[in-house]
Amino acid sequence: MSLLKRIGADAPPPLPSVTPANVLPAPGAAPAPMVGTGPLAPVVGRSTNVAGSDAEQDKMLDLSLQITDRILASLGTQTKLEHTAESEQMLTNSFATIYRQTGVALGADQVKQLYQMVLSEIFGFGPIDSLLNDDAVTEVMVNGPRMVYAERRGKVALSDITFRDNDHVLKIIDRIIRPLGRRVDRKQPYVDARLPDGSRVNAIIPPCAIDGPTITIRKFTKNKLQVEDLIRFGSMTREMADFLHACVRSHLNIVVSGGTGSGKTTLLNVLSNNIPEIERVITIEDSAELKLAGEHVVRLEAKPAEIDGSGKVSIMDLVVNSLRMRPDRLVIGEVRDGAAFSMLQAMNTGHDGSLTTLHANTPRDAIARMETMCMMAGMDMPVDVIRAQIASAIHLIVQQTRLADGSRKISMITEVQGLESGTVVLQDIFKLDEKGRTPDGRVISEMKPTGVRPKFTDKLEAAGFKLPPSIFGAMAPGRH
């Protein structure tokens, strides 16, 4: 007999005031028979994992989902409930009643685990709740019902989290985007969204996702990282931190460049902490992630188009509008299109001290990317004119890199020195030197100054920052 038939099709009787403890075996009682052929041992800290065979895990998941459906039906809703004390009490009462109706006998630990699985389905985001609540996890990637990957400390590994089927994954996608007024269907098969804690979500479904619906979640860091944390992690040196502090305070325009998942936004957040609180800062992002320390901060976020295709507000639109808001600085989460031209215009017209990020693997690639993005703005300008704009607007490129062992480090801090013979001239101030690997696979590296003082040293000194020669290399003769 299937679990569904054991649960029954009739509506449950009136719900008594009970707790999950009422359905647990009494202390000292003989162990109850388990679902499946073997024991279902709990996995500490994993609300949706059950040790044992795949069949046993599937039965536990199937049971939790059927109980969930019955609870929602008994409460007169088919959607996610608001998590309040009252709703959790209703859930507790319903769970105890409906579990007893199943006729399934589980041990105390399994009942607690089953209850947590139901709790996650109704109040949370189903099977991936345990990963979202794990502070060590920085990224969650659902490639399908049976392939859920998680990144911990820079390493990606297949987890033992599972969904029941593709429909279950689609249900969780809908739960994420419904409160945001977003949609995903065959006409619009992908969507960007944000969880309540700020974590970024991308979902894509068939026909574009050939093997089934896919979810990618970049988790939002609960504890805001400070520069001391990055120094402790080995992401930068004290000398780099002091130099970048002086550059931000001196109103240099800085681009943070790096690949996907290299830590660009984290570094941008840390750099923005150096902005004086009295300055008016406008932040512009696709999905709001930046958390600036100052009080005089206005946060703007791009808006996707409505169902009929109208109402889209792009990063470029927000950059243009922000110039009418009397900003002291602009902090743009990421430029990826024609907004780059508007950003350069802003930097060249009195908004020094602005910061942004873009995707590129080296500072030279970052310059090329900016050229390409400026052309996307639709302006019919020669490349030399665009390069002149870049050379006069950008002072510094900070290259963020994710190394082979998963660690994230600043690999280059590069000055944009100007334009010579139609080429943007770059000069590395700091550079990461990779020396090899340890037996356990960690990258051995050293961050070193190149011995060259930047041409904008006078600008730093005018702002009150006379950096010691040791920052750039004690033996360097210097250049002013």
(request) Any chance you could check the Cα centroid distance between region 86-117 and region 415-439 for me, in angstrom? (result) 60
(message) Could you work out how much longer the chain between Ile307 and Ala85 gets when fully extended? Use 0.36 nm per residue separation minus the Cα distance between them, nm to one decimal.
(response) 76.3 nm
(request) Under a cut-off of 12 Å between alpha-carbon atoms, report the aspartates and glutamates in cross-link reach of Lys435, not counting same-chain residues fewer than 8 places apart. (result) Glu446
(request) Calculate, for region 261-372, the solvent-accessible area per residue in square angstrom, rolling a 1.4 angstrom probe over the heavy atoms of the protein chains. (result) 40
(request) Be a star and scan region 287-324 for residues whose amide nitrogen sits under 13 Å from the point 7 Å along the Cα-to-Cβ vector of Glu279. (result) 293-297
(request) Compute the long axis of helix 383-393 from its Cα atoms, compare it with the longest principal axis of the Cα atoms of the chain, and write down the angle in degrees, 0 to 90, nearest 10. (result) 90
(message) Between Arg249 and Val385, how high is the FRET efficiency from 1/(1 + (r/R0)^6) when r is the Cβ-Cβ distance and R₀ = 25 Å? Nearest 0.05.
(response) 0.20
(request) Find the accessible area per residue for region 399-445; the probe is 1.4 Å, ligands and nucleic acids are left out, and the unit is Å². (result) 47
(message) Which order do the peptides 166-172, 278-284, 261-267 come out in when sorted by mean C-beta neighbours inside 10 angstrom, highest first?
(response) 261-267, 278-284, 166-172
(request) State the label only: which of (i) 34; (ii) 30; (iii) 27 corresponds to percent of Cα pairs over 45 Å apart computed from the shown model? (result) (iii)
(message) Among the listed pairs Lys264/Lys312; Lys155/Lys431; Lys112/Lys187, which have their C-alpha atoms separated by more than 30 angstrom in this model?
(response) Lys112/Lys187
(message) How many angstrom lie between the Cα centre of region 281-346 and the Cα centre of region 224-265?
(response) 22
(request) At 1.4 Å probe size, with every protein chain present, just tell me what the per residue accessible area of region 191-250 comes to in Å². (result) 47
(request) State, to one decimal in nm, how far the label point of Ser392 lies from the label point of His359, with both points 7 Å from Cα in the Cβ direction. (result) 3.1
(request) Calculate, for Val443 and His296, the FRET efficiency according to 1/(1 + (r/R0)^6) with r their C-beta to C-beta distance and R0 45 Å; round to the nearest 0.05. (result) 0.65
(message) Between Thr216 and Ile204, what is the label-point separation in nm under the 7 Å Cα-to-beta-carbon projection?
(response) 0.7
(message) Considering only protein heavy atoms and a probe of 1.4 Å, how much of the accessible area of the chain is carbon and sulfur, as a whole percent?
(response) 53
(request) Could you name the aspartates and glutamates whose alpha carbon sits less than 15 Å from that of Lys459, not counting residues in the same chain fewer than 8 places away? (result) Asp352, Glu415
(message) If R₀ is 45 angstrom, what is the calculated FRET efficiency for the pair Asp337 and Arg146, using the beta carbon separation as r and rounding to 0.05?
(response) 0.80
(request) Subtract the Cα-Cα distance of Gln226 and Arg100 from 0.36 nm times their separation in residues, and report this length gain in nm to one decimal. (result) 40.3 nm
(request) Could you check what % of the DSSP bridge pairs in the chain are antiparallel, to the nearest 5? (result) 70
(request) Distance from a point 7 Å along Cα→Cβ of Ala462 to each backbone N in region 389-420: keep the residues under 17 Å and list them by number. (result) 392-396, 416-418
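The values are calculated or read from the model by the stated rules, or taken from the named source; none is laboratory data. Keep in mind that this is a model prediction, so the values were computed, not measured. Don't worry about glycine lacking a Cβ; one is built from the backbone with ideal geometry, like all the others, and counts go over all protein chains shown. Side chains included, ligands, DNA and RNA excluded: accessible areas come from the protein's heavy atoms. Shrake-Rupley method; radii C 1.70, N 1.55, O 1.52, S 1.80 Å.
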